[in-house]
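The values are calculated or read from the model by the stated rules, or taken from the named source; none is laboratory data. Given the structure is predicted, the values throughout are model-derived calculations rather than measurements. Neighbour counts are summed over all protein chains in view; Cβ atoms, including those assigned to glycine, are modelled from backbone coordinates with ideal geometry. Surface areas here come from the heavy atoms of the whole protein model, side chains and all, with no ligands, DNA or RNA. Shrake-Rupley method; radii C 1.70, N 1.55, O 1.52, S 1.80 Å.
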Amino acid sequence: MPREDLSYRRIHSDPDAGETIIDHHSGIGRVPKQDPEIVFPRTALASLVAGKVVGSLSPFHFSFMGGVRQHKKIENELAPAIAQELKQCAIDLALLVPY
């Protein structure tokens, strides 16, 4: 993946949907590789739904590269694309989980 990658990926929010593979090139990626729930807390979020703390979850989480320095492209391309996806899913609240 190029360092200035402006693409994003959909990750199923259902913890039973399959394994999440973390591909991070820096040393900071070691811990999330061992426990992807740190970055995509699918099990914790599903438990909030089960406990009726929240009504439902989006069918997807979204993953994108951090540390991108193309700020205008993030603002004008990446952010609106993800916002449109969230709007289509009728999302009321989004969590940004950086690592």
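Here the accessible area is traced with a 1.4 Å probe on the protein chains. For the stretch 11-99, carbon and sulfur cover 57 percent of it. Name the residue from Pro32, His12, Val54 whose Cα lies farthest towards the positive end of the charge dipole of the chain, charges +1 on Cβ of Lys and Arg and -1 on Cβ of Asp and Glu. Towards the positive end, the residue furthest out is Pro32.
For the stretch 44-70, the residues whose backbone nitrogen is under 14 Å from a point 7 Å from the Cα of Asp92, taken along Cα to Cβ, are 49, 52-58.
Cross-link partners for Lys52 among the aspartates and glutamates, with Cα-Cα distance under 14 Å and sequence neighbours closer than 8 places in the same chain left out, do not exist in this structure. Using the 1.4 Å probe convention, the accessible area of the chain works out to 72 Å² per residue with neighbouring protein chains retained. For Phe60, the residues whose amide H sits under 5 Å from its own are Ser13, ignoring neighbours fewer than 5 places away on the same chain, with H placed 1.01 Å from N.
Rounded to the nearest 20 debye, what is the charge dipole size of the chain about its Cα centre when +1 sits on each Lys and Arg Cβ and -1 on each Asp and Glu Cβ? Write down the numbers at each step before the final one.
Values: 11 positive and 12 negative charges, 45 e Å.
That gives a dipole near 220 debye.
I'd like the Kirkwood hydrodynamic radius of the chain, using the inverse of the mean 1/r over distinct C-alpha pairs, in Å. For the chain, inverting the mean 1/r across all distinct Cα pairs yields 14.7 Å. Stretched out straight at 0.36 nm per residue, the stretch from Gln84 to Tyr8 would grow longer than its current Cα-Cα span by 26.1 nm.
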